[in-house]
Amino acid sequence: MRNHGVGSWTARRARKNPHRPAIVHGDVRITYAQLHDRTTRLAHHLRRLGVRPGGRIAFLGPNHPSFLETFFAAGQLGAIFVPLNTRLAEPELRHCLQDSGASVLVHTAAFERFALSCPTPRLVAVGERLDMDLAACTPAALDTPVTHTDTAVIMYTSGTTGRAKGAVLTHGNLIWNSLNVLVDAEFAAGDVILLSAPLFHTATLNMTCLPAVLKGGTLVVEESFSPARTLDLVERFRVTVMFGVPAMFQEVVAEPRFADADLSSLRMLLCGGAPVPEPLIRAYQQRGLSFIQGYGMTEASPGVCLLDAEHALDKPGSAGLPQFFSDIRIVDPAGEAAAHGELLVEGPNVMSGYWNLPEETAAALHDGWFRSGDIARADEDGYVSIVDRAKDMIISGGENIYPAEIENVLYEHPAVGDCAVIGVRDEKWGEVPRAVVVLAPGARASAEDILASLEGRLARYKIPKSLVFTDALPRSGAGKLLKPRIRESFGTTT
């Protein structure tokens, strides 16, 4: 087999465990042999549509077996998979499609209208027609040469300048990240993994789904998250592993029958996107369950640090220790080692660069070290804590939000003379955006009017949950917004 990338995994897993269930989706059961058969037929179908090694194949839709089939089919072809965030507004989705140069968009029925309006040359609609096309395709192996240095995925992450950037992840990046997870999180071959967080998120796909496939686990694929249904699924399928952001686990705790639900099958709770609050940790510990928390970023595929369940309470707020094959440095502005400073990441899981952005790549990567933009400190045991964000990024329910992107759209409102977006604490989501606005001279507008103008132009999770007015915003001599002062003045008001 000349394919040494992730696209070969369905063949390798089908070779070892053909009859083991790979995916459960509603009433559908797909074995590893069936997954490989459908994936291979889809790869032939995509090649018939003109996809060649290096070509880009985008996917738009909720969690669905077709997401994974498209991912592995792209890997078989030596093509590049581009998962799209379904929560993005249509202009944002178009940017990702145009920027990546995707020649094919695979989409579910919910996105039929958008797909027909977008400029992507080839469209593949998931459903009966695609099943007929696959039935007409051969299941013969393609055996396209793929190496660890070939690009596997372009994952878009919000940009500090207002446009999403595509992090280029190679097959080697994904493989080494999966090995990191298997060493540190101890997945088992018999695991049943509940996937209700979106697969287009790097943590769901790369930290949970791919390691599970590598070990031959069973994926329970849910199109959306429901706390009540989560408890039902855990009991019905004897789920052993769950991944989610803190807000998801909090909603499960809030379910009336949480205290009495049969959670005896669960042995590993993976949580990322934000630190897990201590009361939430204790609520699960009362049910005999502990969290494995992590810190990472799309550019690191995404694992950087992991805090094991044993230290969940005695290292509160910590991101944990570097993952097995990852290394970190904490440096001062001069690049010298420091107890408190910017976190740098190096390892075989770190991206090769940003798609078609050589200057941004050069600024982010220096001698193989990725500049996270996060300010960190390490304690006497080496446990890392993230204490600030140099790039002012907001993390809301596991979603990365960059204020500049929102500010750019706010400025298009005729009543907005000046603005800043900051993160404010939120009980459910960890933090949410807040807009601070200076009205243009002579202009009149309500907070509701301005926020309503953002609908359809930004993903809903990016739209500020509140807006406050002020007479002026503090700026430096160079004209830059002084975000610390803005947060001090407006970050706690209601």
Within segment 343-353, is even one residue modelled with pLDDT under 95 and charged (D, E, K, R)?
no
Enumeration of residues in segment 54-65 that are farther than 29 Å from residue 197 by Cβ and under 22 Å from the mean Cα position of the chain (by Cα):
none
Residue under question is residue 257, and the condition is that it be over 23 Å from residue 68 (Cβ atoms), surrounded by fewer than 19 Cβ atoms within 10 Å (Cβ to Cβ) and basic (Lys, Arg); does it hold?
yes
Filter segment 361-371 for residues that are surrounded by 12 or more Cβ atoms within 10 Å (Cβ to Cβ), modelled with pLDDT of 95 or more and not aromatic (Phe, Trp, Tyr); which is farthest from residue 319 (Cα to Cα)?
361
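Each row is one residue, and each column tells you yes or no for (1) farther than 21 Å from residue 474 by Cα; (2) touching a residue at least 60 places away in the same chain (Cβ under 8 Å).
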{"position": "375", "(1), (2)": "yes, no"}
{"position": "387", "(1), (2)": "yes, no"}
{"position": "396", "(1), (2)": "yes, yes"}
{"position": "422", "(1), (2)": "no, yes"}
{"position": "426", "(1), (2)": "yes, no"}
{"position": "430", "(1), (2)": "yes, yes"}
{"position": "437", "(1), (2)": "no, no"}
{"position": "447", "(1), (2)": "no, no"}
Please enumerate the residues belonging to segment 2-22 that are part of a helix (DSSP H, G or I) and of a type in the set (S, T, N, Q).
8, 10
Can you tell me which of 416, 409, 437, 424 is closer than 24 Å to residue 96 by Cβ and β-branched (Val, Ile, Thr)?
409
Restricting segment 377-387 to residues that are closer than 22 Å to residue 181 by Cα and over 19 Å from the mean Cα position of the chain (by Cα), the one modelled with the lowest pLDDT turns out to be 385
Could you identify the single residue in 187, 249 that is farther than 20 Å from residue 297 by Cα, surrounded by 20 or more Cβ atoms within 10 Å (Cβ to Cβ) and touching a Lys or Arg at 6+ places or on another chain (Cβ under 7 Å)?
187
Kindly check whether there is at least one residue in segment 153-171 that is surrounded by 14 or more Cβ atoms within 10 Å (Cβ to Cβ), over 26 Å from residue 85 (Cβ atoms) and modelled with pLDDT of 95 or more.
no
What are the pairs, 6+ residues apart or on separate chains, where a residue within segment 321-336 that is on the phi < 0 side of the Ramachandran plot and outside the structural domain of residue 366 (by TED's automatic domain parsing) has its Cβ under 6 Å from a residue that is at pLDDT below 95 and aliphatic (A, V, I, L, M)?
none
Starting from segment 82-100, take each residue that is assigned by TED's automatic domain parsing to the domain that holds residue 155 and list its partners that are of a type in the set (Gly, Ala, Ser) and surrounded by fewer than 16 Cβ atoms within 10 Å (Cβ to Cβ), counting only C-beta distances under 6 angstrom and pairs at least six apart or across chains.
89/456
Which of the numbered conditions does residue 301 fail, given that it passes all the others? Conditions: (1) crowded, with 19+ Cβ neighbours inside 10 Å; (2) touching an Asp or Glu at 6+ places or on another chain (Cβ under 9 Å); (3) at positive phi.
(2)
Filter result for the condition that a residue is within 22 Å of the chain's Cα centre (by Cα) and at pLDDT 95 or above, over 51, 104:
104
Of the residues in segment 115-135 that are of a type in the set (A, V, I, L, M, F, W, C) and closer than 19 Å to residue 72 by Cα, the one that is farthest from the chain's Cα centre (by Cα) is 135
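The values are calculated or read from the model by the stated rules, or taken from the named source; none is laboratory data. Predicted model only: the values in this text are computed from it and were never measured. Note: ideal-geometry Cβ built from the backbone for every residue, glycine included; neighbour counts use all protein chains shown.
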